[in-house]
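Contents: one structure, followed by commentary.
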């Protein structure tokens, strides 16, 4: 009987620990980390100029286009489509500003992309442009990430810290034909994107603790 009470007490403690973990995670930046509006491109992108907070702004040069597409969503009904039609030295893309950031904090800009073009004769550029909202100037930018999308959706991500003097991140996904020869041609789709604070070590420790608690509960039930 004593052993039974001890086992029940252990289970209650573990359940309480797990509940505390869930509460902590659901009330932390990690739980609601995506700071981007319209991350699935279900709402139309705009072409009306600044401000770029709260919506995606499309941009393109001649022979290229940025658009909402229902042809190849990863989830939902739409994705972002970017296309270049047999044109050299042009570009297309979409950007969004995220404000209220603190210098020194790390964020990850990422999502999923795919292409229906084979071969894909264009380059992909993913970057973060760090800006100061007061002076409306760019402080610095990350080097371009240049992944190659495949026929199936695959992830991309770029992590960087907010530099001193910046409080806004301008996240950019673009395609270009400056590096292709003689022309650029193809279409890329982008979906389920996010801009999220990188979890601090304490948050990661909570995740690990939660995993141990769940393992222990399963062993007690076995």
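The values are calculated or read from the model by the stated rules, or taken from the named source; none is laboratory data. Bear in mind the structure is a predicted one, so any value in this text is a computation, not a measurement. Here the Cβ is made from the backbone with ideal geometry for all residues, glycine too, and neighbour counts use every protein chain on show.
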- Which is more than 26 Å from residue 51 (Cα to Cα), modelled with pLDDT of 95 or more and either outside the structural domain of residue 41 (by TED's automatic domain parsing) or surrounded by fewer than 16 Cβ atoms within 10 Å (Cβ to Cβ) (or both), of 217, 164, 148? 148
- Has the range 185-192 got any residue that is more than 23 Å from residue 120 (Cα to Cα) and either in contact (Cβ under 8 Å) with a residue 24 or more places away in the chain or out of contact with any helix residue (DSSP H, G or I) (no Cβ under 8 Å at 6 or more places or on another chain) (or both)? no
- Task: Sort out which residues of the range 93-125 are farther than 18 Å from residue 143 by Cα, within 19 Å of the chain's Cα centre (by Cα) and in a strand (DSSP E or B), and write them in order of number.
- Result: 98, 112, 113, 114, 115
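Could you please find all residues in the range 92-114 being out of contact with any strand residue (DSSP E or B) (no Cβ under 7 Å at 6 or more places or on another chain) and under 24 Å from residue 72 (Cβ atoms)?
The first filter runs over the range 92-114 and keeps only residues out of contact with any strand residue (DSSP E or B) (no Cβ under 7 Å at 6 or more places or on another chain), leaving 100, 102-103.
Listed by number, the list is empty, since nothing qualifies.
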- If you take the residues in the range 30-61 that are at pLDDT below 95 and surrounded by 15 or more Cβ atoms within 10 Å (Cβ to Cβ), which one is nearest to residue 200 (Cα to Cα)? 30
